[in-house]
Structure formats: C-alpha cells, structure tokens
Amino acid sequence: MHPRVLEVTERLIERSRPTRERYLAMMAAAASNRPLRSGLPCANFAHGVAGCGHADDKQRLKLMNEVNVAIVSAYNDMLSAHQPYEHFPEQIKQALRDVGSVGQFAGGVPAMCDGVTQGEPGMEMSLASREVIAMSTAVALSHNMFDAALMLGICDKIVPGLMIGALRFGYLPTVFVPGGPMPSGIPNKEKAEVRQRYAEGKASREELLESEMKSYHSPGTCTFYGTANTNQVVMEIMGLHLPGSSFVNPYTPLREALTREAAIQVTRLTEQAGEYLPLCRIVDEKAIVNSVVALNATGGSTNHTLHIPAFARAAGIQLTWDDMADLSAVTPTLAKVYPNGAADVNHFHAAGGVGFMIRTLLDAGLLHEDVNTVIGHGLKRYLREPYLEDGKLAWRDGTPQSLDEGILRPAAQPFSPEGGLRVLEGNLGRGVTKISAVAPEHRIVEAPARVFHDQAELAAAFKAGELERDFIAVVRFQGPKANGMPELHKLTPFLGVLQDRGFRVALVTDGRMSGASGKVPAAIHVCPEAVDGGPLAKVRDGDILRVDGVTGELVAKVDATEWGARECVAAPADTGIGCGRELFAFMRDAFSSAEKGASAFTEALEALK
C-alpha cells in the first residue's frame, strides 16, 4: 500500500473511533432480532402483507426462513436516468420468486434533475432533496418487514440520499442497482462549442436547443462525467454494485440480467442464507478511502466533497477535506471524460472502465483490496466484467490494459500525477477546487474582485459588456444556509468565453459549481459561508484577490488591520419563497458547513450517544 493512503486511513480510523463504535453498536442492537417481521403483532403483520399481489408471496412471508427484500426506488419518467426504473420492480420481484424469496416495493423517493432546474428557483431545493431522499428511505425501511434492501437510484443527490438513509438501517444487506447511461449523442466538444457560441450571441436559441436535444436524447443517465456518473464509479469501487454494472446501457438484455442478479445476490447476504453481510460491514473507513481515491483518479464531481463526507458521517466516519486532498496529492488522474476530455462514459466503459481502473490502482497500492463487497470479500472480485453466454449472465476477466489510452490510462502513465482536488485556505476562508480540467497557465489568478449576489447579476454584467477585463468573480450568499446552495452552472459559459478572449478570470463562491465544472479556476464551497458572517461578506469590488491552485492560497490582499475592521455586508432580503422553497426554510437553518457535508443531519448524528 502507498504510505499516504495508509496514513490517511489510519488517522481516519482513529478520528472516527468513538462515532464508528457507537454506530456499529446501534446496528448490532437493531440486527439482534432478525428477521424483525417475526416479532410484529398479528394485525401489524397482516397490514404488511395485505397488498401482496401474488398469492405465493403472502404465504412465503409467513415463513421466517424466507427472505423479504425491500425495493426503494427513485423512479420517475421525467428524468432520463430514472425512467428505466419503471420496469425494474417486476423484474426484481420475479427474480426473487424464482429463488423462493419475496420483493416488496417499500417506497419511492423523490428524484429531481439539476439539469432541468439549473438557474431556476427549483435549484435551491436540489441539495435539500438529498436530505428528503434520506428521510424517505428511512420511512420506506421503517416497517421492520425486511431482511435485505435494493436501492434504485443514479443521479446527483439521489444516490447520496439513499446512502444516508440506508446506512441508518445498516444492519440490512443492501445492494445498489444502477440503470445505466443513455447511448452516446453528439460529440461533447460540439455541444460545448454551441453553448459557448450561444453565450456570445453567435448561435440562436433554435441551434442551442437542437444541440442539447441531440446530446440528451433518450432514457439513461447523461453521458458526461458529472455527479451522476461519479456516483456510479464511487458505488462500484465501494463494492455496492455488481462488478462492471455501472455503465451498461438501459433496455438491453445485459442490463436486465444484471438487475435480476442484483436481486438474487442480495438474498445470499442475508442471515437466512448463512452468509450475513450487512451494509454497515461494507461501508467502513477503507471503503470510504477507496471512494475518495476513485473520485480523484477520475477527476470526478466536486459535489462529492459534500456527499462523501455526508454519507460517511451516517456510518460514523469523520472524513475531512484535508483527508480528501491528501489522497488527491498521490492519486494519479487516469481518465479524461467530458468535461475533462472529449470522451463520454460509454467510451470510458468500452476502454476498460471501472474494472481496469480498479486493477491499475490496486497494482499501484492506492486502493484497499481487503474490503467487503456485495459479492464477497476482496476488491479483486471487481476485476471481472459481465457478459451474456447463450442468453445467461456470465463473468470473465476484464481487460488487463486500457483499450484507449486517450481516455483511460494505467497508473504508471497517468494524464497527471495527482487527482487535482485541492483545499484552498486563507483570509477568505476554506474552500475546494478541482484543477484537473484547468490548464496550468490558468491555475493561478490574481485580479480585482467583482462582487455578485447571484449568477443572474453576473450574466447581466457579461451581456452589458462590463466584464471585458481581468477579474475574480465573487458570487456570495449562495451557501447551504443562505439559499440551499444551488449549483452555479450557468456561470460556466460566460467565464469560459472571457478566459478564451485572453482575460484572467476565476470564481470564488460559497455555493456549488456543477459536477461538470471545467476549465475556469473556481474556489467553491467556501466556508464559513457569507450568511454566517464568513469572510466573503467582507469583500468589496476592486479588492485584489488571489486564487492559487498550486499553493492553495485563497486570499484578499487587503491590509490586515483594514480587513479585521471591515464589517460584513448584510445578506440580501430573503427571497426563498415560491416554487415550494418556503417549505425548506427549517432545513436551510439546520444545514452544517460545506466541509461537514452541508447536511441537515450532522448535528443530530454527532449528538448520538
């Protein structure tokens, strides 16, 4: 093992010892009376089976040696990634009947799309939806009828929310079931060029719409490497998917075979099967470290600097940004997938995908191999890939080398010797940046500040021709407590145009950028956030700021005495009303700092004794 990986793992174990021990004790206590439906009063049990549409299911549930699997799904037919889940429950139920088990659709969770809500009021509910999904998962599993669970979800907040909820029922064996990406559309480079031309007024809305609809064109996950597809890599490398299943396209025979196998596999992990392996024994400190290595090796979504700490805490594990950055410093960048490259996730999968990535990272000593997974002990099990042999699911060794080194490389010949995730710190606070898609000549920007209170203000200034110069955009009051921490993805085309025109530009914000943020240097998730009196509230137009992705500086070059005496600007009047945002005010008040996952549950979980 690489000494840095061991060092981070050991300090994570030590730091987490009290909370992890409490968590495991809670899970052991909850598991001590399995299966729980055996202890339900007769009327309660009758309610729990009354809806069974298949006579054999009702009879089997009376037998405590039969397995009842909860299905928790993020299905809706507006989101392309989740539309295929319409058909999964029946496939799962039939697969379970074939092996003498039962599946019950325990509950649905909401699934909103950041792509639809970008720049709209609904985006202010996006991060909060993760907490709602976690609570919905808990409601679904609260009936104490289940011996195992299947989690059906893919996109940005859905998988982290399912994880948080499922981990509070971590005594249940649990498998995450992906749906797969849509087939490739137009080339990503072409899509990006049309977006940029539209931002400059050189392409019509009709041209932009045609381009976007050719890119996002069918059921399945969007094919760029944003938060949704980073979720898939993280779940697979943590051993929570079946091997090689993350990027198999929907509505294919192989996808259906993998879905059926996931249902059968979760029954093998139950107490009834004699090989009891609950979720809490898979998600441990080593698995969390592996997830961070995967994030860094692929140049994954910066949103995971919120999500991985949040779901780690749900398992009693106290992951920090410094842990993540220290792992990034020794993890080579192995993948170039849009926006970090021209390829999409289908090309990544064809080049060797997650299996090859695991192989080369294991060879480099950067992953823990001695971990539990949903198919048994040892991460080497994930070097295999699925295929169909005479119509039946089979497994074979994955490719020992990349089939396209322009997309996926071995650890010995990386695109970069590091993962590109950095912690930035200084008198402006603490934040993170991802430099994997930022050209070396753009990684350090020192320029006057231009302050905005939302992304619409910046867009208006761009269109008015006010930004044709070097500057650092400070977009503040965008943190979790201020307005729910919406993504600021709409800034990307404007700042990208200015950078291409030769201006030195950067972004500093207490908000989020998209999981697909790219070539413009950005200090994001800055905390303390401005609404809490964080330093960004002190910045004035014209202050000289420095964003240094090399040394990690995030500073305002203002005289220390003046800076200390300067008062914070008050937050804009609360506009969190309309589009249902008022229903989330209590949650915004409860959000922790970005470094603790921007979670409404942090304080409650830390208070558990």
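Nothing in this text is a laboratory measurement; each read-out follows from the coordinates by a stated rule. Just so it is clear, the model here is predicted, and its values are computed rather than measured. Note that each Cβ is placed from the backbone with ideal geometry, even for glycine, and that neighbours are counted across all protein chains shown.
If N is the number of residues in the stretch 421-572, what value comes out of its Cα radius of gyration divided by 2.2 N^0.38 Å?
Working: Rg = 13.8 Å, N = 152, 2.2 N^0.38 = 14.8 Å.
This ratio for the stretch 421-572 stands at 0.93.
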What's the FRET efficiency of residue 200 with residue 329 using the Cβ-Cβ distance as r and R₀ = 56 Å, to the nearest 0.05? 0.90
Neighbour counts of other C-beta atoms within 10 Å: give me 418, 562, 457 arranged from fewest to most. 562, 457, 418
Counting only DSSP beta bridges fully inside the chain, the antiparallel percentage to nearest 5 is 45
Take the Cβ-Cβ distance between residue 52 and residue 388 as r, set R0 to 30 Å, and report the resulting FRET efficiency rounded to the nearest 0.05. 0.40
Can you pull the one-decimal nm distance between simple spin-label points at residue 99 and residue 603, each 7 Å off the Cα toward Cβ? 4.4
Using modelled backbone amide H atoms (1.01 Å from N, in-plane), which distant-in-sequence or interchain residues come within less than 5 Å of residue 424's amide H? 431, 432, 433
In the stretch 153-235, the trypsin sites (Lys or Arg not before Pro) that fall in loop regions by DSSP, at most 13 other Cβ within 10 Å: 202
Per residue of the stretch 186-200, what does 6.51 cos²θ - 1.76 cosθ + 1.60 with θ = phi - 60° give for ³J(HN,Hα)? Whole Hz please, x for Gly and Pro, Karplus curve as stated. 5, x, 4, 4, 5, 4, 5, 5, 5, 4, 5, 5, 5, 4, 8
Residue order, fewest to most beta carbons within 10 Å, for 241, 525: 241, 525
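With Cβ to Cβ distances under 13 Å as the rule, what net charge do the other residues near residue 141 carry (K, R +1; D, E -1)?
+1
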Filtering trypsin sites (Lys or Arg not before Pro) in the stretch 1-33 by DSSP loop and by at most 13 other Cβ atoms within 10 Å leaves none
The simple spin-label model distance between residue 412 and residue 207, using points 7 Å out along Cα→Cβ, in nm, is 4.7
Fewest first, what order do 42, 568, 113 take by the number of other Cβ atoms within 10 Å? 42, 568, 113
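Can you give the local net charge around residue 395? Use residues other than it whose beta-carbon is closer than 12 angstrom to its beta-carbon, Lys and Arg +1, Asp and Glu -1. Walk me through the intermediate numbers first.
Details: positive: 381, 384, 392, 396; negative: 261, 385, 389, 397.
Local net charge: 0.
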Can you tell me the dipole magnitude for the stretch 421-572 around its Cα centre, using point charges on the Cβ only (Lys, Arg +1; Asp, Glu -1), in Debye to the nearest 20? 320
HN-Hα J in Hz across the stretch 545-559 - Karplus 6.51, -1.76, 1.60, θ = phi - 60°, x for Gly and Pro: 10, 10, 10, 10, x, 8, 8, x, 7, 9, 9, 9, 7, 10, 3
In order over the stretch 318-324: 3J(HN,Hα) from phi, Karplus 6.51/-1.76/1.60, θ = phi - 60°, whole Hz, x for each Gly or Pro, gives 9, 6, 10, 4, 5, 4, 5
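Counting only pairs 8 or more residues apart or on different chains, how many lysine pairs in the stretch 421-572 have their Cα atoms under 16 Å apart? Don't skip to the end; give the middle numbers.
Working: 434/519; 463/490; 490/519; 538/557.
Taking the Cα cut-off of 16 Å, the pair count is 4.
About its Cα centre, how strong a charge dipole does the chain have in debye, to the nearest 20, once Lys and Arg get +1 and Asp and Glu get -1 at the Cβ? Numbers along the way, then the final one.
Values: 60 positive and 71 negative charges, 150 e Å.
For this selection, approximately 720 debye.
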